[in-house]
Amino acid sequence: MNYEILYQGAFPLVKVELNAGESVKAESGAMVSMTPNIDLKGTVDGGIMRGLGRMLSGEKFFFQELTATKGKGEVLLAPAAIGDVQAIELDGSYKLLVQKDGFLAGTSGIEVNTKMQNLTKGFLSGEGFFIVEISGSGTVFISSYGAIHAISLAAGEELIIDNGHLVAWPNYMEYKIEKAAKGWISSVTSGEGAVCRFRGEGIVLIQSRNPAGFGTWIKQYIPGVK
């Protein structure tokens with residue numbers, strides 16, 4: 001399988017070239033175009049319980065599976081939101097934790113599950129009690145709202161990140177949810193509320209825009225919406 005990310009930035013397309021028998025799975029509705037020899041079908045991938053788990057984490061119940069059935073074929077995929085797409089190669093040695101709506105597509109060796117957070121993280125993280133957990137070996141395409149920026153932390157190095165700007169991070173990194181300021185009143189009035197404190201070693205992917213912040217901003221221009 002070969003791939004290329006076209007028009008990286010606000011409006012990317014992922015072009016995937018599949019050899020005969022190869023397949024790629026993507027979030028429901030991601031397919032933009034495909035050659036006639038591609039077979040498209042909806043799949044739960046892992047059974048009903050995994051599908052329900054993905055719904056709890058904010059993902060869709062079904063995937064779409066695209067397979068080249070008669071020779072080489074090509075697929076174009078796109079995320080629903082305005083933002084970037086990045087390809088990440090997983091070797092099976094760790095799992096990738098991803099914000100809701102962050103999974104776009106993956107090769108056949110990729111598994112998309114859910115991970116349950118503890119009570120504090122579930123209440124305060126903004127992601128709920130379940131987050132997306134991606135494992136296996138292969139290529140996974142992650143989408144964001146805004147541009148994706150990678151931050152590399154050395155061993156023991158810490159960084160505080162606004163919850164609404166998180167995209168993905170490896171499961172071996174330490175992180176905890178805490179208030180943005182010294183007190184909760186200051187945290188809320190600052191517009192930040194809760195934040196994530198990450199501790200390296202590892203790479204955290206963040207997005208340059210906050211979907212919740214955009215939603216609040218756009219409401220002022222919609223009549224009758226408060």
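By average Cβ neighbour count within 10 Å, what is the ranking of 153-162, 12-21 from highest down?
Numbers: 153-162: 12.6, 12-21: 17.4.
Taking the mean over residues of other Cβ atoms within 10 Å, the ranking is 12-21, 153-162.
What is the packing order of peptides 104-111, 36-43, taking the mean over residues of other C-beta atoms within 10 Å and listing the highest first?
On the way: 104-111: 20.9, 36-43: 13.0.
Top of the packing list down: 104-111, 36-43.
Once both labels are positioned 7 Å from their Cα atoms along Cα-to-Cβ, the gap between Ile82 and Ser152 label points is 3.2 nm.
Label-to-label distance for Glu174 and Tyr221 is 4.4 nm, based on points extended 7 Å past Cα in the beta-carbon direction. Pairs over the 26 Å Cα-Cα cut-off, from the set Lys15/Lys219; Lys72/Lys100; Lys100/Lys176: Lys15/Lys219; Lys72/Lys100.
Just so you know, all these numbers are worked out from the coordinates, no wet-lab data involved. All values derive from a computational prediction rather than experimental measurement. All Cβ positions, glycine included, derive from the backbone under ideal geometry; neighbour counts span all protein chains shown.
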